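None of the figures in this text is laboratory data; all of them are computed from the coordinates on show. Treat the numbers as computed from the prediction; the structure is a model and nothing was measured. Backbone-built Cβ (ideal geometry, glycine too); neighbour counts: all protein chains shown.
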Amino acid sequence: MKNHSIKSLIKNISFLYSIFFYLSIQGQELQSYIKEAEANSPEIKAYNLRHSIAEEKVNEADWIPNTEFGAGYFVSEPETRTGAQRARFYARQMLPWFGTITARENYASSMAEAEYVEIVIAKRKLALAVSLLYYKLYAIKAKQKILDKNMQLLQTYEKLALTSIEVGKASAVDVLRLQIRQNELQQQKEVLAEAYLGEQTTFNKLLNRKGAIAVTISKKLLLPAKDINYSEDALELNPELLKYDKLYKSIVQSELLNRAERNPRIGLELNYVPVSERSGLNFSDNGKDIFMPMLLVSIPFFYKKYDSKSKQNKLRQLEITAEKDNRLNVLESTLAKVISQRNQARIKYSTQEKNLKQAIDAEEILIKNYETGTIDFNDVLDIQELQLKFQINQIQSVEIYYKQVAIINYLIQ
């Protein structure tokens, strides 16, 4: 398993923010919202606290068994040559084998690293969610502007129709059709306004702020001149894969800890036994208290527990490897899909651009016909509807394009 450094990951996260837009102003707006979302997100705060707990476990790992104290009183005092033993007091301290504490600390550190990767993943998912909603809000705003322009255009045509009625070249039906079309566009505009309010609330909640706060959106998004090509190797630094590397490392440390715990434990014990003096006797050690230091060794003769743990670690390593391979396949498929959808969006955008130019040319022909005294307002409505369709499709293509770019950045940066 590959072990990528956290510093490298942080570097790539910073790059993620700088590439979200090809245009600097757009990038600054989105980056600002992403940073605000990260700073205010309760979910990110929870992940940070979880990581802090995991880091504190490194300090927790630096422990030794409790010191034992004991006392006993002889109900029937045993008589010795130097006197009767009245009680027994002892203090005992067991110590882990050399390197065991270090192994525990290394295992706790590896788990903390795995928790940190979870923070990185959560931040990337939040950045992606903010970006996708940002583009959705842009698309709604852009559609509203297009509807406004088309309504103004219809109002102009309505004036032409009224003028044509006066000279007998149009009927009241033509005016009514133009007005009906304006009503339909007004309805679409109002529906979009409601949709914008709903999406704006969702966007603000991602930033953990009041839903009614206005969101600043770019006035116009343009497709870049060229698309960036990516290879499957670009997925190598995706934190979703890095997570499995960190988990694999933690299993390695777990096995090292398991081996360290198989070793014997040593300990020290100090015994104190007060002794009563023997009456009627006079010798140098009469009534002399007893002090007895002891060296203890705890040997695990039964290794079944540790052998089972080793087998579990091996199986866990195989599981993590399989999970990583499966996740890599999913990410590679997703990357190929979103690149295809990005390319499709560019193709559709270019097609709609050509169609829109031709529709504008057709509109100019109609206007020239009006100057010569003939105009068919049914054709006017058809051309206007086509223009609106092509413009809306272009906006949708831009939205889809940038959404796919955001997903690609999530996958590879």
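Values as computed for the structure displayed
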item	result
Options Gln394, Ala345, Phe377, ranked by Cα towards positive dipole end of the stretch 284-400, top entry (Cβ charges)	Ala345
Candidates Leu223, Leu237, Leu281, ranked by Gaussian network fluctuation over the chain, Cα under 10 Å, top entry	Leu281
Degrees between helix 100-166 axis and first principal axis of the chain (Cα, 0 to 90, nearest 10)	10
Between the stretch 25-74 and the stretch 139-201, the Cα center-to-center distance that results, in Å	57
Debye log10 I(q)/I(0) for the stretch 35-176, one point scatterer per Cα, at q = 0.10, 0.17, 0.20, 0.21 Å⁻¹	-0.73, -1.02, -1.14, -1.18
In range of the label at Phe69: residues from the stretch 77-96 whose backbone nitrogen is under 12 Å from the point 7 Å along Cα→Cβ	90-92
Loop-located trypsin sites (Lys or Arg not before Pro) in the stretch 267-311, at most 14 other Cβ atoms within 10 Å (DSSP)	Lys288
Gain in span if fully extended, Glu364 to Asn183, counting 0.36 nm per residue against the direct Cα distance	62.7 nm
Fewest-first sequence of Trp63, Trp97 by Cβ atoms within 10 Å of each Cβ	Trp63, Trp97
About the Cα centre, charge dipole magnitude for the chain (Lys/Arg +1, Asp/Glu -1 at Cβ), debye	640
Local net charge near Gln152, Cβ-Cβ under 14 Å (Lys/Arg +1, Asp/Glu -1)	+2
Between 0 and 90°, nearest 10: helix 172-206 axis offset from the chain longest Cα axis	10
Residue with peak Gaussian network fluctuation, the chain [Cα springs, cutoff 10 Å], from Gly267, Gly211, Gly198	Gly267
Dipole moment magnitude, nearest 20 debye, the stretch 107-147 about Cα centre, only Lys, Arg, Asp, Glu C-beta charged	580
Spin-label pair Lys35/Ala225, simplified geometry with 7 Å Cα→Cβ offset, distance in nm	2.9
Relative contact order for the chain, counting Cα pairs under 8 Å that sit 6 or more residues apart, in percent	24
Among (i) 38.8, 150; (ii) 25.7, 80; (iii) 21.1, 75, the entry derived from the coordinates for Rg and Dmax of the Cα atoms in Å	(i)
Estimated [θ] at 222 nm from DSSP helical runs (n ≥ 4, -39500 (n - 2.57)) normalised by residues in the chain, nearest 500	-24500 deg cm²/dmol
Total formal charge among the other residues, if their Cβ is under 15 angstrom from that of Leu256, Lys/Arg +1 and Asp/Glu -1	+4
Peptides ranked, highest mean first, by Cβ atoms within 10 Å: ranges 141-153, 84-96	141-153, 84-96
Pairwise label distance in nanometres, Ala212 with Arg81, each label 7 Å out on the Cα-Cβ vector	9.8
Among Val120, Val175, Val75, residue whose mean-square fluctuation peaks in a GNM of the chain (springs only between Cα atoms under 10 Å)	Val75
Rounded tilt (10° steps) of 42-60 against the dominant C-alpha axis of the chain	20
